[in-house]
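Report on the structure given below.
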Amino acid sequence: MLLSLILCAAPLWPAPQPVEIEGCQAAACTQQGSQKICKCVPSSGEARPGLVIEGPGKRHLEWDVRAFNGEVTDFVVQRLDLDGDARSELLVASRASESSGMPVRDWELAIVDGETDTVMHLLVQDWGPDALTPQGTLLLTEWAMNAGQIVFTGREYVYEHGRLEASSAPVRRRALDGAFEKERLSIATTNHTLTPRAFLSHPSTKGGSDVVPKIAAAVQVMGVAREEPWLQLHVQGANGTVQTLSGDVEGKATLRLGDARRKRLFPLGYAPADAETWLLGRKVWHAAGQLWIE
């Protein structure tokens, strides 16, 4: 089963190789055809690490990323037409951090739209290339507490019109136990990436949905801003009080978006390219940092 899942995963670009780039104390690039993607840790301590896409022609895209221990070769690129418009999207996954103790790896994912060249950002934990299938579905994973257990949770999405839409597949959850931890570590000790889809194909995995809070406050989105690459929303309650919520996973007033109709949370740090037009002025339900959209 594991081998078949890996073989059917969307193809990868060549592994990034270290290069010298002016202004970078460390850099690595991967290239396919006329497109090149590089990760750079700047020489200046004030500048933040970033990813850059160049070509063809004058094409240039860039955004900030975190660099775990200054590493630059730990990003992965896949190319696939996710939305069926005959223009391939780029999925760029860059390792951002790794916790001590139970080694959970945070990855910052960016999907570059093949038609508009806009970029959608999100965060995923213990990511691996098998998360993306040749059919264009994305399994986005994270660790969470559920019924007193540490649970590896996966939600399936499709990419449409520059945003994620929940698929009909249930939310999958697999509790951490000794066998699962041994399975994870056997891969993690030799690879940056893991195999989330294979992990959640285990017989102990359970299907379900996300819980929409029964008690939530109606608020209106009054402002949408960006703290690259994260999203920041200003919401106003019925009493006129305005609160600021940030998708920055390292921040305090956290923001998590959810689809109330489909009972599906969006990924951590979810920031679609058209967030302003999608959210500004909408009435949503706010509970414990979650904003549920009807």
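Where the accessible area of region 1-102 is counted over protein heavy atoms with a 1.4 Å probe, how much of it, in %, is carbon and sulfur?
Of all accessible area on region 1-102, carbon and sulfur atoms account for 53 percent.
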| remark: In deg cm²/dmol, rounded to the nearest 500, the helical mean residue ellipticity at 222 nm of the chain, built from -39500 (n - 2.57) for every DSSP H run of length 4 or more, is -2000 deg cm²/dmol
| said: From the C-alpha coordinates alone, can you work out the Kirkwood hydrodynamic radius of region 77-139, in Å? | reply: 12.4
| Pairwise label distance in nanometres, Asp274 with Ala47, each label 7 Å out on the Cα-Cβ vector | 3.4
| request: Starting from the Cα gyration tensor of region 30-105, take the square roots of the eigenvalues, sort them a ≥ b ≥ c, and report rounded, prolate or oblate (rounded when a/c is under 1.5, otherwise prolate if a/b is larger than b/c, else oblate). | output: oblate
| task | Could you work out the relative contact order of the chain, using alpha carbon pairs under 8 angstrom and six or more residues apart, expressed as a whole percent? | result | 12
| field | Within a Gaussian network of the chain (alpha carbon springs, distance under 10 Å), most fluctuating of Leu132, Leu61, Leu255 | value | Leu61
| message | If the reach is capped at under 24 angstrom between alpha carbons, list the lysines near Lys263, excluding any in the same chain fewer than eight residues apart. | response | Lys206, Lys214, Lys283
| note | Options [x] 147; [y] 198; [z] 174 are given for volume of the Cα convex hull per residue in Å³, and the computed one is [x]
| Roughly how many debye, to the nearest 20, is the charge dipole of region 159-294 about its Cα centre, given +1 on each Lys and Arg Cβ, -1 on each Asp and Glu Cβ, and no other charges? | 560
| field | Set of lysines with alpha-carbon distance to Lys39 below 25 Å, sequence-local pairs under 8 removed | value | Lys58
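With Cβ to Cβ distances under 14 Å as the rule, what net charge do the other residues near Gln78 carry (K, R +1; D, E -1)? It would help to have the intermediate numbers written out before the result.
Working: positive: Arg79, Arg197; negative: Asp81, Glu89, Asp130.
Result for the local shell: -1.
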| Surface accessible to a 1.4 Å probe, Val224 within the full protein complex, Å² | 30
| query | If you plug each phi of region 83-89 into the Karplus form 6.51 cos²θ - 1.76 cosθ + 1.60 with θ = phi - 60°, what whole-Hz ³J(HN,Hα) values come out, in order, with x for Gly and Pro? | reply | 10, x, 9, 6, 10, 6, 8
| Heavy-atom accessible area per residue, region 78-180, 1.4 Å probe: how many Å²? | 35
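The values are calculated or read from the model by the stated rules, or taken from the named source; none is laboratory data. In this text the structure is predicted, and so the values were computed from the model without any measurement. Here the Cβ is made from the backbone with ideal geometry for all residues, glycine too, and neighbour counts use every protein chain on show. These area figures cover heavy atoms from the full protein model, side chains too; ligands, DNA and RNA do not enter into them. Shrake-Rupley method; radii C 1.70, N 1.55, O 1.52, S 1.80 Å.
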